[in-house]
Structure formats: structure tokens, C-alpha cells
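The values are calculated or read from the model by the stated rules, or taken from the named source; none is laboratory data. What you see is a predicted model, and the numbers here were worked out from it, not measured in a lab. For neighbour counting, all protein chains shown are included, and Cβ atoms are generated from backbone atoms with ideal geometry for every residue, glycine included.
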Amino acid sequence: MPLHGMSSLTFGVPNIAEVANYYEEFGLSTTRTDADGTTHLATVEGGEQLHIARADRRRLLAMSVAADDQDDLDRIASRLERLELTVSRGEGSITARDPGTDVVVSVEIRPRIVQAPAEPVDYNAPGRNPRLNLRAPGIDRTGPVRPRKLGHVVIGSTDQPGSQRFFTDGLGFKISDIVKDQAAFMRCSTDHHNVLIQAAPITMLHHTSWQVDDVDEVGRGATAMLEQDPGRHAWGLGRHHIGSNFFWYLKDPAGNFSEYYSDMDCIVDDELWEPGVWEGAKGLYSWGPKPPDFFLNPVDLAEHMINAHG
Ligand SMILES: [Fe+2]
């Protein structure tokens, strides 16, 4: 696949400082702040992967995905033009806007992210005890949880089939799983999903997801965030069905959800992966608490709709 990963996202929020502070506590590191207040934050291995800019309402302004070389950019640009979209060509990048999600997507030539292997974790199990005479490493960890990289983003589109075409036929994302008439889980890397587009009455950013080493880090990260403010809890701990990952969702001060995840399905051979078609909420989770209504139907959505149409 010419694409090889997610580079970065640009959030628009009414109050940059409070949202940037939240993602600092979440484990990202602020690298710089522009004169207009736009703040840039980095993950451990992905570099600057979150840009927070000012907007009247919370939304995803832009997304950047990574490709290997100029040939990739040229091929993607001509596919987007075949979909009758306007493509701007820059130095080492191309940019087009997906009308359904109202997100400006750039494809940039970037080096592949090389991940250092996580500390091996031996879990004892019936009849198989690889960890003998030792306490579990997860209980002794004390440092702050630091996401390794940006994993995925979930956005709402007012034209779900059109946005799906933009990402697959245009950019070259692969479909990993489908929720019938509702959503597509798509990948531009070996992660099960990097972008999920769901049908929505208004363009919206639902959540972003950030990779940590293992389920202990998911739990430790969320616990630390809730110690600062228990009102941040959204949904977790659980394990998704589609993508298989452990998850815990928290809510940022603008109303976007942010997820710590680990152990997601990894697809390296497209021929060996069979995309599934799921119905309704069935594919959502294997175990965990019931998702709260505000997670499935964000409470500020109705207000945004009035503002958008009024
Ligand atoms: Fe997610």
C-alpha cells in the first residue's frame, strides 16, 4: 500500500490552552506554540501528531497521512481528480478536502515510523506460567503513561458513502470492517483501522486513539487522568470486537473523546484478512461496561446542528 500511516491531526477548539493542557496530562508533549496560539504536541515515536488550533466549535480541521514517495503522491492526486475533487500540490505533499466530513486531508512524504519493541509481558495462565517467582511488571510501573503514536480517528460524515470513496478510491485506504449502512473501518497502515467514517447528521470529530504498550498502560493512563478529574471518564475499560483492542475513553474539555488503546489487530497481508460486515452495535465491544448514551450520541451535537443550520 502506498500509504504507510497517520501523520497528524489538527483539532479546532474554542479554547486551545485548556485542551492542550488535557493532552499534556494524557501523555503527549508540547513541542511549540505559534503566535496565534496554535499548539503542537508530540507522541513518543510519531513526532508532532496533534495540532490544536482555534475554531468556534470543536471539530477536526485537518488530517495528514504518510506516503513513501512522489510517485505515490502523483497516483493519489490523479485518483482524487477522477473523483472530481480539487487537489493542491505542494512541496512533498498534496491536499484535498473531503466534502462529507469537511476535513482537509494532506498526503505527505514521510519516513515510516519505526517502533521500539515493547517490554515483553509474561502473563501466567492455567497450565502455562512463564513468570515464575516474580511479581507482574505492570504493578511496579510508576512513570507517566506516554502514548507511542496516534492510532486512529473517528469522524462523522454527512455523506458517508462519499467520504468512504474519498478515503478508499481516492487516497487508497483499505477497508478492514464495515458496520452495515453506518460506518467503515479503514486502514492506511498495518493497524486494523486508522480512520473510521460514520454516517452523522453533522460533520463531527468523535474520538482520537493513542497507542500504549499494553493493557496495564491503558489502565494506568486512564487512572491517572481520572485522579486529576473523575468527570473525564467516558467508557472503559473494555475490549472492542472490531479491531480487538483494549480501550478506555476519556473526554477532553472541548468534548472530544480520547482513547488509550493496546493490542489492536495487525494486518500485514491483505489477502489473509477477511473484512466483516457487522450490524448495529454488535461489533462494538466484546466485554466491558455498557457504553453510556453520551458516548454514542455526544450531547453537544444537537447544539452544533442548530448553529450549523441556523
Ligand atoms: Fe477507537
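Values for this structure:
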quantity	calculated
Residue list for the range 196-238, restricted to those being touching a Lys or Arg at 6+ places or on another chain (Cβ under 8 Å) and under 19 Å from LYS149 (Cβ atoms)	LEU205, TRP210, GLN211, VAL212, ASP213, ASP216, GLU217, ARG220, MET225
All strands (runs of 3 or more DSSP E) inside the range 238-310 with 3 or more residues being within 17 Å of VAL218 (Cβ to Cβ)	246-251, 257-262, 285-287
Residue in the range 3-21 that is among the hydrophobic types (A, V, I, L, M, F, W, C), part of a loop (DSSP other than H, G, I, E, B) and within 23 Å of LYS149 (Cβ to Cβ) present	no
Total residues in the range 46-78, condition of a type outside the set (Val, Ile, Thr), assigned to a helix (DSSP H, G or I) and buried (at least 16 other Cβ atoms within 10 Å of the Cβ)	3
Selection status of PRO230, touching a Phe, Trp or Tyr at 6+ places or on another chain (Cβ under 7 Å) and more than 15 Å from the ligand (Cβ to nearest atom)	no
Failed item, numbered, when SER244 is tested on (1) buried (at least 18 other Cβ atoms within 10 Å of the Cβ); (2) over 14 Å from PRO289 (Cα atoms); (3) within 15 Å of the ligand (Cβ to nearest atom)	(1)
Qualifying residue in the range 209-220 (condition: out of contact with any Phe, Trp or Tyr (no Cβ under 8 Å at 6 or more places or on another chain), at pLDDT 95 or above and within 16 Å of the ligand (Cβ to nearest atom))	no
Single unsatisfied condition, SER258 versus (1) touching a Ser or Thr at 6+ places or on another chain (Cβ under 6 Å); (2) touching a residue at least 60 places away in the same chain (Cβ under 8 Å); (3) surrounded by fewer than 20 Cβ atoms within 10 Å (Cβ to Cβ)	(3)
Strands (runs of 3 or more DSSP E) fully within the range 109-197 counting 3 or more residues that are within 16 Å of the ligand (Cβ to nearest atom), touching a residue at least 24 places away in the same chain (Cβ under 8 Å) and in contact with a Ser or Thr (Cβ under 7 Å, 6 or more places away or on another chain)	149-157
Unique match (being hydrophobic (A, V, I, L, M, F, W, C) and without any contact (Cβ under 8 Å) to a residue 24 or more places away in the chain) among ALA77, ALA53, ALA67, ALA62	ALA77
Pairs, first polar (S, T, N, Q) in the range 222-238, second surrounded by fewer than 20 Cβ atoms within 10 Å (Cβ to Cβ), C-beta under 8 Å, six or more apart	GLN228/GLU25
Residue within the range 83-92 that is at positive phi, modelled with pLDDT of 95 or more, touching a helix residue (DSSP H, G or I) at 6+ places or on another chain (Cβ under 8 Å) and outside any helix (DSSP H, G or I) present	yes
Residue among GLY90, GLY27 that alone is farther than 19 Å from PHE166 by Cα and exposed (fewer than 14 other Cβ atoms within 10 Å of the Cβ)	GLY90
Residue that is more than 17 Å from the chain's Cα centre (by Cα) and at pLDDT 95 or above, where the choices are ALA62, ALA116, ALA42	ALA116
So GLU217, is it over 30 Å from VAL107 (Cβ atoms) and buried (at least 23 other Cβ atoms within 10 Å of the Cβ)	yes
Yes/no for THR95 being more than 15 Å from the chain's Cα centre (by Cα), surrounded by 14 or more Cβ atoms within 10 Å (Cβ to Cβ) and farther than 30 Å from ASP213 by Cβ	yes
